[in-house]
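Working notes, beginning with the structure itself.
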Amino acid sequence: EVHLVESGGGLVQPGGSLRLSCAASGFTFSSFSMNWVRQGPGKGLEWVSYISASTTIIYYADSVKGRFTISRDNAENSLYLQMNSLRDEDTAVYYCARGLGLYSSPNWFDPWGQGTLVTVSS
Amino acid sequence: DIQMTQSPSSLSASVGDRVTITCRASQSIINYVNWYQQKPGKAPKLLIYAAASLQSGVPSRFSGSGSGTDFTLTISSLQPEDFATYYCQQSYSTPRTFGPGTMVDIK
């Protein structure tokens, strides 16, 4: 069974840093692109970042560009999100999601992990 | 960025009702739209990809249609487990963007 499990969330002060992890199992992790998507409290979904299977292509939402860094370790079947200079508005549940389909063709997110909560507050 | 809008923002329906949710993109996205279902406290779940393809394991009462800028998600006969929030999402360009969601609750 394909499974994604996020970890690393918690309470952090504004300006602080946090590193999220996503452990993948049940599929050949190195063959698939991955994404981070977040959801603020009571809000909708916001795509955050994309990384291709080979790590050669990376994209970020403008709201996190220059502050967040996505990476992956295909040997460890893991995805990461390094979050620096955190702001109140980064408070959200962060989901990792596998990408299916080619990026330049119809593509979609499936499955999603259960999410990890990041709270930025003083 | 491509803006995605959904209507209605919420609806009340009864078990057995036919429900239609509309999603509109700010520019043509051909068929690069996906639909997700989210229940409270849970992760989103893929229902429909590429506008009209039913994800494996999803009941056939769910269907998607549309092309260009206008898309619909239809639930042919609403079941108790379908009460949730539904999001459309475009995969035509970066950044990927989602609609604001449609909450379906019990009448």
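The values are calculated or read from the model by the stated rules, or taken from the named source; none is laboratory data. Predicted model only: the values in this text are computed from it and were never measured. Every residue, glycine as well, gets a Cβ built from its backbone with ideal geometry; the counts of neighbours run over all protein chains shown. Surface accessibility is based on the protein's heavy atoms, side chains included, excluding ligands, DNA and RNA. Shrake-Rupley method; radii C 1.70, N 1.55, O 1.52, S 1.80 Å.
What to note about this one:
- The single condition among (1) open to solvent by 40 Å² or more (accessible area, probe 1.4 Å); (2) in contact with a strand residue (DSSP E or B) (Cβ under 9 Å, 6 or more places away or on another chain) that B:Gln79 does not satisfy is (2).
- Output for the stretch B:92-107, where each listed residue is more than 14 Å from the chain's Cα centre (by Cα) and either of a type in the set (A, V, I, L, M) or within 14 Å of another protein chain (Cβ to nearest Cβ) (or both): B:Tyr92, B:Ser93, B:Thr94, B:Pro95, B:Arg96, B:Ile106
- If you go through the stretch A:43-66 and keep only what is basic (Lys, Arg) and within 7 Å of another protein chain (Cβ to nearest Cβ), you end up with nothing.
- Single match in A:Gln39, A:Gln114, A:Gln82 (criterion: within 14 Å of chain B (Cβ to nearest Cβ), under 13 Å from the mean Cα position of the chain (by Cα) and more than 27 Å from B:Asn31 (Cβ to Cβ)): A:Gln114
- A count restricted to the stretch B:39-65 and to residues that are closer than 15 Å to A:Arg98 by Cα and open to solvent by 40 Å² or more (accessible area, probe 1.4 Å) stands at 2.
- The residues in the stretch B:42-72 that are within 18 Å of A:Gly113 (Cα to Cα), within 9 Å of another protein chain (Cβ to nearest Cβ) and not in a strand (DSSP E or B) can be counted, and the count is 4.
- Output for the stretch A:85-111, where each listed residue is at the interface with another protein chain (Cβ under 9 Å from one of its Cβ atoms) and aromatic (Phe, Trp, Tyr): A:Tyr95, A:Tyr103, A:Trp108, A:Phe109
- Test for A:Leu102: is it part of a strand (DSSP E or B) and open to solvent by 30 Å² or more (accessible area, probe 1.4 Å): no
- Residues that are modelled with pLDDT under 95, out of contact with any helix residue (DSSP H, G or I) (no Cβ under 7 Å at 6 or more places or on another chain) and open to solvent by less than 40 Å² (accessible area, probe 1.4 Å) are absent from the stretch A:109-122 altogether.
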